[in-house]
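Notes for the one structure printed next.
The values are calculated or read from the model by the stated rules, or taken from the named source; none is laboratory data. Keep in mind that this is a model prediction, so the values were computed, not measured. Every residue, glycine as well, gets a Cβ built from its backbone with ideal geometry; the counts of neighbours run over all protein chains shown. What goes into the accessible areas is simple: the full protein's heavy atoms, side chains included, and nothing from ligands, DNA or RNA. Shrake-Rupley method; radii C 1.70, N 1.55, O 1.52, S 1.80 Å.
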Amino acid sequence: YDQKNGIMSAVGDVFIDLAPPQKADDAGKGEDETKLIHLKTSGLIFHQKDQFAETDKPLEFALSGMTGTAVGASYDSNKGVVVLQSQVHLSGLRGKLTDGAGSERPMVLTASHAELDRVGNVVVLEGARINAAGASGSQEAQAQHAVVHLSADGTPQRVDASGNVALTGEGRGRVTSDRLELELNAAGQPKAAHLLGAVRFLNEA
């Protein structure tokens, strides 16, 4: 601990539960467990004066029933912003299948970089690719840049994507475009999609 500069360093393993900053109207309320991020890493440096933590080491994390890994991260506790520097991988079960079985579907998300604003409920992804199982087969979506708008419980509500957007459905071909505006239902499944700019369809059947 560098008391003069207010810097704490941890060489070994570090276990942290991150909670978002409380809003004014949340005063007196307990922590919202659904918004906690459980994190394990090493080589963590905490700048006490700025309330800013960072590491360039690999890390493991879990939130909202999902688990993931990344390399390098930072957390600004004043703003509630988490940055995953590279090699982001997130997987788990999300939403409900529409086949009547009522089971959740597996999902895998990868990205070259990710930023999570836990106050504004927004996730920004670079080099994003998502694979998910659906009632009619597997689905894949990818884009160079994507902004995911979340509900208060962390469920994706809307996605705005741009740059080499591609949607692929098992047995249903592949659609590409410059931009995508995607609305999701309460289960996190696509409800409406708007493809903009140079839309192309390829039937791969």
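Structure above, values below:
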| item | result |
| --- | --- |
| Per-residue SASA entry for Glu181, accessible area with 1.4 Å probe, Å² rounded to 10 | 70 Å² |
| Modelled FRET efficiency - R0 25 Å, Gln144 with Gln51, Cβ distances, 0.05 increments | 0.20 |
| Alpha-carbon radius of gyration plus Dmax, which is the widest Cα pair, for the range 132-205 in Å | 12.4, 40 |
| With DNA, RNA and ligands ignored, accessible area of Glu183 (1.4 Å probe; Å², nearest 10) | 70 Å² |
| Extension gain, Val71 back to Val11 (0.36 nm per residue minus Cα-Cα distance, nm) | 20.0 nm |
